[in-house]
Structures are given as structure tokens and as C-alpha cells.
Amino acid sequence: MRKAGYRNEIIILLALFAIYMFVLFRVTVFRDSGLWGHGVNLVPLSTIAEYLKESIRGHMVVGVVNLFGNLVLFLPLGYLTASLFPKQG
């Protein structure tokens, strides 16, 4: 009986992981041009220079919002990965 519950938990976690990965890919790669003003973003770390320029001008808010946005976006990745693939041994 315990194995059936564990199996159902894994299926639910896999479904959540698949949905999360789809949404994450959609949000990070195919940005809606109406909201951010960009098309496809395929250049890693391309906005870091912009954030640094803004922070030099005294606008730290952009970088801080980006930092917290990244935390919100990527924390579930760590949780779901650790839940799906527990350390063996």
C-alpha cells in the first residue's frame, strides 16, 4: 500500500515539474513583447550590463526586482528537483 502512495506522489511531482518547466521556458525565452518590450531572449546574461548602468545612475530598483524575480522563478526548480531525485546512499 505504501508503494502505491509513493508512486502517486511521484506522478504528481512529475506533472508539476513538467508544467513548471513549460511555464519557466515560456516566461524566460519567449517574452511577451507587450509586457517587456522584447522578443526572444537567447543571449545569456544580456541584461546584466543594463542593470549595472542603471545602478550607477542610482536606480537600484531594477536590479533588486530582477533578483527577487529570479528567486521566485527558480526556487521551485530546486524544490521539485530535490523531491523527484532524492539523494541515494
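The values are calculated or read from the model by the stated rules, or taken from the named source; none is laboratory data. On a predicted model such as this, the values are computed, not experimentally measured, just so you know. All Cβ positions, glycine included, derive from the backbone under ideal geometry; neighbour counts span all protein chains shown.
Data table
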read-out: Filter result for residue 39 (modelled with pLDDT under 85 and in contact with a helix residue (DSSP H, G or I) (Cβ under 7 Å, 6 or more places away or on another chain)); value: yes
read-out: Search result, residues across segment 58-81 that are under 20 Å from residue 25 (Cβ atoms) and of a type in the set (A, V, I, L, M, F, W, C); value: 71, 72, 73, 74, 75, 77, 80
read-out: Per-region count, segment 74-83, residues hydrophobic (A, V, I, L, M, F, W, C), more than 15 Å from residue 22 (Cα to Cα) and surrounded by 13 or more Cβ atoms within 10 Å (Cβ to Cβ); value: 0
